[in-house]
Amino acid sequence: MPSTVRSASIENPTPIIPDRFYSLLREVWGFDSLRPSQHAAIASILEGRDTLVVMPTGGGKSLCYQAPAIYREGMTIVVSPLIALMKDQVDSLKQVGVNAVRIDSTLTAPEKRDAAQNIRSGKVRMLFVSPERLANPDFVRFLDGNEVHTIAIDEAHCVSQWGHDFRPEYRQLSSLRAFFPKAAMHGFTATATEKVRLDIIDQLGLKSPRVLVSSFDRPNLTYRVLPQLDIEEQIRGVCDHHRGSGGIVYCLRRKDVESVTDYLQRKGISAVGYHAGMSHEERKLAQEAFLTEAVDVAVATVAFGMGIDRSNVRFVVHASIPKSIEHYQQETGRAGRDGLPAECVLFHSVADEITLKKITESSLIEAGARSEIISASRIQIEEMSRYCRTPVCRHRALVEYFGQCYENKSCGACDICLGDTDDVPDAKIIAQKILSCVFRVQERFGVNYVVEILLGAKTQIVLQRGHDKLSTYGLLKEIPKAQLRDWVYQLVGQGALELEGTEYPILKLNADSKAILFGDAEPRLIRNATNSTAKERRPAASPSEALAHADAALFEKMKVVRRNLASEQKVPPFVIFSDNVLLEMSATRPSTLEGMLNVAGIGNVKLNAYGRTFLEVIQEHCKATSVEMDIDWKQGQELQSAKPRPIRVGGGTGTKSITYPMLREGKALEEIAERAEVTVGTVVSHLLDLMQEEPIPSIDNWLPIEQQKIILAAADAVGREKLKPIFEHLEQAVPYEQIRLMLSFERQQV
Ligand code: ADP
Ligand code: ZN
């Protein structure tokens with residue numbers, strides 16, 4: 001029987017990890033410690049026992065197989081389903097001086113020859129391969145000369161049909177055992193229900209494995225679910241909020257990807273599309289643009305979004321609901337892999353849900369899936385929908401879905417706990433009205449019809465049936481239709497109503513509905529802020545300490561340096577240094593190379609390679625801005641003298657290091673846009689941000705005085721609460737941006 005983390009310590013007192021291992025960790029990665037779940041996993045792996053490691057994205061899985069592989073003599077084979085993931089890892093390992101090799105279809109003939117020679121030399125510590133390649137006996141025999149002590153299987157859920165990304169090639173991996181009888185086999189995955197977990201163990205043939213399951217919670221992610229209204233505009237709102245940072249937008253269909261990408265681009269957001277209809281070459285370019293931070297936003301269909309990944313994704317948007325909670329966990333999991341705050345926004349609509357069910361079913365039928373798989377997929381969509389509609393803390397709901405307990409009362413990082421949603425004060429009465437209407441129509445109709453009766457719709461069919469005579473007819477006619485429908489679904493989500501049937505689901509009462517009708521139970525109904533920008537966003541999950549102390553301008557400068565180094569070496573920027581490392585450097589601002597070694601994530605090899613370059617940036621910046629160096633904020637040292645400007649969480653950073661100085665000089669918007677390689681719209685939004693942060697003496701360079709007067713006169717006439725009346729008053733002749741600029745400036749003068 002597999003044992004869990006808890007029982008592991010009973011059967012075997014936590015094995016001690018040798019000091020020499022920690023020296024290696026310091027030396028190679030610049031890490032001082034292991035996270036608790038990494039400790040358990042690495043101890044088990046060093047013991048050579050088969051292990052299944054279930055850890056959320058960003059938990060640090062790769063270190064669990066990389067560090068033991070480097071610590072021990074011999075070779076570790078790492079199986080990974082995606083070339084992009086392998087490439088990143090091999091690039092990163094090479095950066096820290098590790099002999100790692102990948103063999104995949106993208107290698108050129110000379111590269112293949114080099115790799116083969118390297119493997120034959122017996123010096124390779126880690127070999128990354130795809131499962132297909134290992135299914136080839138010739139290839140496996142070729143490896144035979146090496147002492148393979150470990151086979152690490154990344155994304156191990158791909159082996160299970162119950163997982164969200166089944167790959168038949170994974171099924172053959174268990175046969176590797178015959179070739180490498182002495183090797184231990186370990187599986188790694190971010191998402192696994194009990195069922196998937198057992199299936200992985202079974203399919204891979206793990207021998208009395210230790211199963212280590214960490215908490216599924218991702219405290220650095222803020223989850224929000226919002227009703228879909230003007231979806232493109234809503235997506236733009238999220239992208240705008242995070243301007244300059246990386247994000248992923250998931251769409252249901254290819255055509256949605258195209259229209260959303262187009263819309264965002266027109267609005268001046270640097271976005272790129274990614275879907276199955278694009279050629280291999282186009283996809284590769286899109287992926288590279290995102291990875292190298294040449295573009296901020298990747299818009300993708302879910303099926304093809306897997307390779308779209310980088311550690312500093314600050315937001316993930318779901319333009320419609322995902323196929324299951326597992327998918328949601330996996331897809332949102334790509335946000336904030338570096339542990340820094342990130343936001344996940346899901347826009348939900350009934351129409352999309354129906355489309356999704358249809359698409360999923362027909363593709364399953366086409367693939368010849370059994371009926372139980374088809375009905376499982378339907379149930380999964382319904383579970384996802386219930387998640388969207390239930391007013392329960394999102395962190396709690398997700399963690400509990402995966403069978404774990406959530407200890408916190410409030411997470412402080414979801415729409416429900418942050419109070420984005422308002423509790424409806426007379427929820428009980430509204431719920432009773434809805435439920436009695438279901439009763440009056442004899443539990444024979446679906447959501448839309450019940451809503452029509454409650455709204456008092458005078459449709460022919462209602463009149464024909466005489467339902468306009470019902471006591472519940474028109475009982476909630478003051479409520480907007482979309483809102484009412486949402487409340488009905490919220491009741492379903494809480495289990496206070498049932499939806500039966502699949503083609504035309506019918507509303508049915510149950511014991512809970514009766515308890516509410518008799519006044520014995522209190523339902524909860526919420527009203528969403530109507531779009532993501534309707535309410536002032538509160539900060540996402542508590543920012544890391546480094547973030548709180550970081551010097552924004554220095555961080556931006558270092559990002560530029562990192563991008564240049566990365567493009568010289570043809571690797572993604574985060575392979576050089578993660579955002580965490582840059583943040584910590586911009587918080588502590590070390591003045592010496594030794595000081596830099598204290599930054600988590602800087603080991604000796606990277607210090608030698610890049611230390612001096614970054615040191616110069618820091619020294620120059622601190623001198624120019626008279627900001628202190630060698631700050632030890634971990635010891636609670638007060639920041640004295642000149643305080644750096646702090647970074648706004650998830651706020652638009654990016655090109656501001658270029659636009660801000662020019663804005664301060666009052667340069668023309670077009671000129672700034674051209675120099676910073678952004679649109680004029682972006683420059684204006686930077687200007688608006690800048691005005692929030694510091695006083696601007698005049699806007700005359702950007703908005704002619706005559707124009708300013710016109711806008712102010714209109715504002716005097718119709719008020720300053722909202723922009724729209726001003727826009728209308730000016731007969732839509734003055735762009736919103738100018739109005740916003742004028743009012744912001746005016747506010748600043750007060
Ligand atoms: P996963 O593969 O589980 O998604 P990663 O291996 O990408 O997670 O690690 C996530 C982040 O955490 C990376 O930025 C990595 O450098 C960092 N990290 C991993 N282990 C540690 C550690 N022991 N100390 C500090 N940072 C760590
Ligand atoms: Zn919460």
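The table that follows gives values for the structure above.
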{"quantity": "Dipole in debye (nearest 20) - region 221-401, about Cα centre, beta carbon charges: Lys, Arg +1; Asp, Glu -1", "calculated": "220 debye"}
{"quantity": "Region 694-750, relative contact order [Cα under 8 Å, separation at least 6], %", "calculated": "34 percent"}
{"quantity": "Distance from region 16-39 to region 44-106 (C-alpha centre basis), Å", "calculated": "15 Å"}
{"quantity": "√(5λ) per eigenvalue of the Cα gyration tensor, region 422-527, largest first, Å", "calculated": "20, 15, 13"}
{"quantity": "Diffusion constant of region 312-405 at 25 °C, which comes from Stokes-Einstein with the Kirkwood Cα-pair radius and 0.890 mPa s, µm²/s", "calculated": "171 µm²/s"}
{"quantity": "Amide H contacts of residue 153 (H built 1.01 Å from N, under 5 Å, at least 5 apart or other chain)", "calculated": "79, 186, 187, 188"}
{"quantity": "Among 93, 346, 64 the positive-end extreme of the charge dipole of the chain (Cβ point charges)", "calculated": "64"}
{"quantity": "Per-residue HN-Hα couplings for region 468-479 [Karplus 6.51, -1.76, 1.60; θ = phi - 60°; Hz; x = Gly/Pro]", "calculated": "6, 8, 5, 5, 8, 5, x, 5, 10, 5, 7, 8"}
{"quantity": "Which of 426, 199, 19, 240 is most accessible, then next, and so on - probe 1.4 Å", "calculated": "19, 426, 240, 199"}
{"quantity": "Rg to Rh, two decimals, where region 155-264 supplies the alpha carbon set and Rh follows Kirkwood", "calculated": "1.14"}
{"quantity": "Farthest toward positive dipole pole in the chain [+1 Lys/Arg, -1 Asp/Glu at C-beta], among 456, 516, 657", "calculated": "516"}
{"quantity": "Loop-located GluC sites (Glu not before Pro) in region 81-169, at most 16 other Cβ atoms within 10 Å (DSSP)", "calculated": "147"}
{"quantity": "Residue 222 long-range amide H proximity, modeled H, under 5 Å", "calculated": "342, 343, 344, 541"}
{"quantity": "q = 0.17, 0.19 Å⁻¹, region 653-749: log10 I(q)/I(0) [Debye, one scatterer per Cα]", "calculated": "-0.74, -0.89"}
{"quantity": "Low-density loop positions, trypsin sites (Lys or Arg not before Pro), region 194-248 - DSSP coil, at most 12 other Cβ in 10 Å", "calculated": "207"}
{"quantity": "Size of region 545-638 as Cα extents on the principal axes (Å, biggest first)", "calculated": "40, 25, 21"}
{"quantity": "Mean Cα-pair separation over length for region 302-407, i.e. relative contact order, pairs under 8 Å, 6 or more apart, %", "calculated": "28 percent"}
{"quantity": "Partner aspartates and glutamates for residue 508 [C-alpha distance under 17 Å; skip if fewer than 8 residues away on the same chain]", "calculated": "382, 443, 452, 486, 498, 500"}
{"quantity": "Alpha-carbon Rg/Rh ratio, for region 86-185, with Rh computed the Kirkwood way", "calculated": "0.96"}
{"quantity": "Region 600-626 and region 425-462: distance between their alpha carbon centers, rounded to Å", "calculated": "66 Å"}
{"quantity": "Estimated inter-spin distance, residue 202 and residue 83, nm [label 7 Å along Cα→Cβ]", "calculated": "3.4 nm"}
{"quantity": "Cross-link table 557/623; 87/112; 255/656; 87/195, entries beyond 23 Å C-alpha to C-alpha", "calculated": "255/656; 87/195"}
{"quantity": "Cβ-based charge dipole, the chain, positive-most Cα from 142, 707, 330", "calculated": "142"}
{"quantity": "Built amide H within the under 5 Å cut-off of residue 318, gap 5+", "calculated": "250, 345, 346, 347"}
{"quantity": "Inverse mean reciprocal Cα-Cα distance (Kirkwood Rh) of region 19-213, Å", "calculated": "16.8 Å"}
{"quantity": "Between region 334-380 and region 188-257, the alpha-carbon center distance in angstrom", "calculated": "11 Å"}
{"quantity": "Descending semi-axes in whole angstrom, ellipsoid equivalent of region 374-427, from the Cα gyration tensor", "calculated": "23, 16, 8"}
{"quantity": "Radius, Kirkwood style, for the chain when every pair of distinct Cα atoms is counted (Å)", "calculated": "28.5 Å"}
{"quantity": "Charge context of residue 733, other residues only, Cβ under 15 angstrom, K/R +1, D/E -1", "calculated": "-2"}
{"quantity": "Net +/- balance of residues flanking residue 18 in space, Cβ distance below 15 Å, scoring K and R +1, D and E -1", "calculated": "-1"}
{"quantity": "Solvent-accessible surface ranking, highest first, for 411, 239 at 1.4 angstrom", "calculated": "411, 239"}
{"quantity": "Percent RCO, i.e. relative contact order, over the chain, from Cα pairs under 8 Å lying at least 6 residues apart", "calculated": "12 percent"}
{"quantity": "Solvent accessible area, Å² - residue 372, 1.4 Å probe, full protein context", "calculated": "100 Å²"}
{"quantity": "The chain: calculated mean residue ellipticity at 222 nm from DSSP helix runs of at least 4, using -39500 (n - 2.57)", "calculated": "-14000 deg cm²/dmol"}
{"quantity": "Within region 19-213: Cβ-based charge dipole about Cα centre, in debye rounded to nearest 20 (Lys, Arg +1; Asp, Glu -1)", "calculated": "280 debye"}
{"quantity": "Total charge dipole magnitude, the chain, about the Cα centre, Cβ charges on Lys, Arg, Asp, Glu only, Debye to nearest 20", "calculated": "1120 debye"}
{"quantity": "DSSP-loop GluC sites (Glu not before Pro) across region 421-509, with at most 11 other Cβ within 10 angstrom", "calculated": "478, 503"}
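The values are calculated or read from the model by the stated rules, or taken from the named source; none is laboratory data. Note that the structure is predicted; figures quoted are calculated from it, not measured. Ideal geometry is used to build each Cβ from the backbone, glycine not excepted, and the neighbour counts take in all protein chains shown. Protein only, heavy atoms only, side chains kept; ligands, DNA and RNA dropped before computing areas. Shrake-Rupley method; radii C 1.70, N 1.55, O 1.52, S 1.80 Å.
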